[in-house]
Amino acid sequence: MPRLLDHPFPRFAIPAVEFLEGIIRPGFRVLEWGAGSSTLWFAERGCIVDAVEHDPTWGKRITARLRLPSRVLGRQLGQEYWEPVSSIDDYNIIVIDGRCRCNCAEFVLGQMEKMQGVSDLWIVFDDTNRKRYRACVERMALRASSSWTYSGTSGVVLDKTTTILRMGSAISVERQVSNR
């Protein structure tokens, strides 16, 4: 696995990564469940990443490659893992790619209900082709103003599906599915 970290690239469906390259900007704040190659990739592009990781050894490995203010938030599995911050207000992108994904999605949805409207928030939910994630992805999609689902290889995994949702009340509703 260390070789994968030498050239950081998210292990999302490649068309989803291409889409993200068009929207991320230096200074974007990213909350990510599951620290790894995508954590480093976002940080290399000037994003400030808070990556939630349950494995302390892996977390140290990623931390060693990050520059402040990006950081790995070590959290034990359980509520402190899927509720790692008191608010998502300051984040531009949320990546759900770690453990307990449906719990993490519910946390995000609960946070959104507390907020006075979401101006512009992007959610990246990986492995949405897995049956166990369908209901929580559909629940998030109901709150999204736009969503895109990309399928294909990740460069490592051949059958990968990643869904990107745009949350924000000022954006027209649009659904688009891409199978590149």
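The numbers here are math on the coordinates, done by the rules we state, and not lab data. Being a predicted model, the structure only gives us computed values, none of them experimental. Every residue, glycine as well, gets a Cβ built from its backbone with ideal geometry; the counts of neighbours run over all protein chains shown.
Miscellaneous remarks
- Two-site label geometry, Ala64 and Leu158: point separation in nm, points 7 Å out along Cα→Cβ: 3.3 nm
- Where no second cysteine Cβ lies under 4.7 Å, the cysteines concerned in the chain: Cys47, Cys100, Cys104
- 18 Å Cα-Cα reach of Lys131 towards lysines, excluding residues that sit fewer than 8 places from it in its own chain: Lys160
- All aspartates and glutamates inside 16 Å of Lys114 as judged from Cα atoms, apart from same-chain residues fewer than 8 positions distant: Glu83, Asp89, Asp90, Glu106
- Candidates Asp126, Asp97, Asp159, ranked by Gaussian network fluctuation over the chain, Cα under 10 Å, top entry: Asp159
- Choice from Gly36, Gly152, Gly27 with maximal GNM fluctuation in the chain (Cα, 10 Å cutoff): Gly27
- The P(r) of the chain has a tail past 19 Å containing 55 percent of all C-alpha pairs.
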